[in-house]
Amino acid sequence: MYDIVVIGAGAAGLTAAIYGERAGMNVVVFEKMGVGGQILLTQDVENYPGFPAISGPELMERFEAHAKKFGVEIRYEEVGEVKRQDTHYRIVTDEGEYDTIAVVIATGSQPKKLHVDGEQKLIGRGVSYCAVCDGPFFKDREVAVIGGGDAAIKEAIYLTQIVKKIIVIHRRDKLRAEKILQDQAFKNPKISFIWNHVVDHVDGEDKFEGITIKDANDPTKKQKLDVAGVFVYIGHIPNTKFIDIVKKTSGGLIITDDCVHTSAKGIFAAGDCRVTCLRQIATCVGDGALAAFNAGEYVERFKSSHT
Ligand SMILES: Cc1cc2nc3c(=O)[nH]c(=O)nc-3n(C[C@H](O)[C@H](O)[C@H](O)COP(=O)(O)OP(=O)(O)OC[C@H]3O[C@@H](n4cnc5c(N)ncnc54)[C@H](O)[C@@H]3O)c2cc1C
């Protein structure tokens, strides 16, 4: 039986694993894809203290090396269910079942889709959610970025290194992104803005042929934009469908208290998958540390009452 099972090897999960392992716990991390999580999708990280400029992949390589240095076990398995047993929990993955005293859910989130006509069939052929992955396909061309938050503006700025021109389309009349990002975007000659507009549909059958946008205040007013690609940054959906024994919001975010306890004893949630007011590497790291610390205390209490 493990002391702590951590689900997800992003910033939150790896931090929880490092803290748990250093506290002498027997920890395993389950990861369904590759180690690193969402931050792998961005090239420039400038707000993680101690690293004024580092790429997402390099930062996560350091997290992984740090976790491995302390002997964290990482298993590449997708968790499909967490079951309550009499005294502990059973983790069901696509490869097996594992018992554990405590669980840290750090499964992060995935990009929200526009849910407009043409989007789904043209993913990877003009519709993208990752500038780092797909930006180079649009070298010296014109693209659209949808959204007005940190991720949209940061990735628009990143794309200026590759593409000829970027049109940011935002459903409001002002950005939500950090001031420093806004200032950089406003003074970049490659970036222009279309305010108060949303995407109506993606044009093209087998081949991407631009997008049609509409006025958010008057949907009958539409215009076609002849861009070569569209990058969508309109928020995230938490990866929490697999767990139904903790309380969640209607949108699937796990509800925790300030010390990241969920509604189920011995289950903690950390990072982007929980209700929180900021989703950044720094907050995920804080959550991961809290989750492991409190999980460790739970494990100690469990062991002293079950021996
Ligand atoms: C484009 C972009 C740019 C960003 N830029 C910055 C930035 O500059 N600075 C900053 O601080 N933050 C930035 N962020 C936000 C930051 O990336 C996230 O807040 C952070 O990475 C979330 O970490 P996490 O550990 O909570 O989840 P994630 O990074 O999402 O990791 C969760 C992991 O869990 C795994 N997983 C999910 N479900 C299961 C399952 N059932 N079984 C097993 N494994 C599972 C996933 O594969 C994933 O590896 C950016 C985000 C994006 C999208």
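The values are calculated or read from the model by the stated rules, or taken from the named source; none is laboratory data. Fair warning: this is a prediction, and the values are worked out from it, not measured in the lab. Counting neighbours? That spans all protein chains shown, and the Cβs are built from the backbone with ideal geometry, glycine included.
Quick check on segment 263-303: of everything there that is of a type in the set (Asp, Glu) and over 17 Å from the mean Cα position of the chain (by Cα), which residue is surrounded by the most Cβ atoms within 10 Å (Cβ to Cβ)?
Applying the filter and picking the extreme gives Glu300.
For Asp203, all conditions in the list (1) over 26 Å from the mean Cα position of the chain (by Cα); (2) surrounded by fewer than 12 Cβ atoms within 10 Å (Cβ to Cβ); (3) not polar (S, T, N, Q) hold save one; what is the number of the exception?
Condition not satisfied by Asp203: (2).
Looking at Gly288 and the list (1) within 30 Å of Leu159 (Cα to Cα); (2) of a type outside the set (D, E, K, R); (3) within 16 Å of the ligand (Cβ to nearest atom); (4) touching a Phe, Trp or Tyr at 6+ places or on another chain (Cβ under 8 Å), which single condition is not satisfied?
Evaluating Gly288 over (1) within 30 Å of Leu159 (Cα to Cα); (2) of a type outside the set (D, E, K, R); (3) within 16 Å of the ligand (Cβ to nearest atom); (4) touching a Phe, Trp or Tyr at 6+ places or on another chain (Cβ under 8 Å) leaves (1) as the failure.
Quick one: which residue in Ala9, Ala67 is within 16 Å of the chain's Cα centre (by Cα), outside any strand (DSSP E or B) and either over 29 Å from Ile245 (Cβ atoms) or within 14 Å of the ligand (Cβ to nearest atom) (or both)?
Ala9
Kindly establish whether Val260 is surrounded by 19 or more Cβ atoms within 10 Å (Cβ to Cβ), under 17 Å from Ala17 (Cβ atoms), within 12 Å of the ligand (Cβ to nearest atom) and free of Cβ contacts under 8 Å to residues at least 40 places away in the same chain.
Yes; evaluated as a whole, the condition is true for this residue.
Scan segment 33-64 residue by residue and report those that are without any contact (Cβ under 8 Å) to a residue 60 or more places away in the chain and not in a helix (DSSP H, G or I).
Met33, Gly34, Val35, Gly36, Glu46, Gly50, Phe51, Pro52, Ala53, Ile54, Ser55
Any idea which of (1) surrounded by fewer than 20 Cβ atoms within 10 Å (Cβ to Cβ); (2) of a type in the set (Phe, Trp, Tyr); (3) closer than 23 Å to Arg90 by Cβ is the one Phe30 doesn't satisfy?
So Phe30 meets the others, but not (1).
If you take the residues in segment 119-140 that are of a type outside the set (Asp, Glu) and within 13 Å of Gly204 (Cα to Cα), which one is surrounded by the fewest Cβ atoms within 10 Å (Cβ to Cβ)?
Top of the filtered list is Gln120.
Which of the residues belonging to segment 97-129 are in a loop (DSSP other than H, G, I, E, B) and out of contact with any strand residue (DSSP E or B) (no Cβ under 8 Å at 6 or more places or on another chain)?
His115, Gly124, Arg125
On the basis of being within 11 Å of the ligand (Cβ to nearest atom), modelled with pLDDT of 95 or more and assigned to a loop (DSSP other than H, G, I, E, B), does Ala16 make the cut?
No, not satisfied.
For segment 136-148, name all the residues that are in a loop (DSSP other than H, G, I, E, B) and under 16 Å from Ile211 (Cβ atoms).
If the condition is that a residue be in a loop (DSSP other than H, G, I, E, B) and under 16 Å from Ile211 (Cβ atoms), then Arg141, Gly147 are the ones that fit.
Pro52 passes all but one of (1) modelled with pLDDT under 95; (2) surrounded by 14 or more Cβ atoms within 10 Å (Cβ to Cβ); which number fails?
For Pro52, the failing item is (2).
One residue is enough: does segment 166-173 have a residue meeting the conditions touching a strand residue (DSSP E or B) at 6+ places or on another chain (Cβ under 6 Å), modelled with pLDDT of 95 or more, assigned to a loop (DSSP other than H, G, I, E, B) and of a type outside the set (Asp, Glu)?
Taking every residue of segment 166-173 in turn, at least one turns out to be touching a strand residue (DSSP E or B) at 6+ places or on another chain (Cβ under 6 Å), modelled with pLDDT of 95 or more, assigned to a loop (DSSP other than H, G, I, E, B) and of a type outside the set (Asp, Glu).
For Ile243, state whether it is of a type in the set (A, V, I, L, M), crowded, with 21+ Cβ neighbours inside 10 Å, touching a residue at least 40 places away in the same chain (Cβ under 8 Å) and within 14 Å of the ligand (Cβ to nearest atom).
Answer is yes for this residue.
For segment 149-169: of the residues being of a type in the set (Gly, Ala, Ser) and buried (at least 23 other Cβ atoms within 10 Å of the Cβ), which is nearest to Lys214 (Cα to Cα)?
Among those residues, the one meeting the criterion is Ala152.
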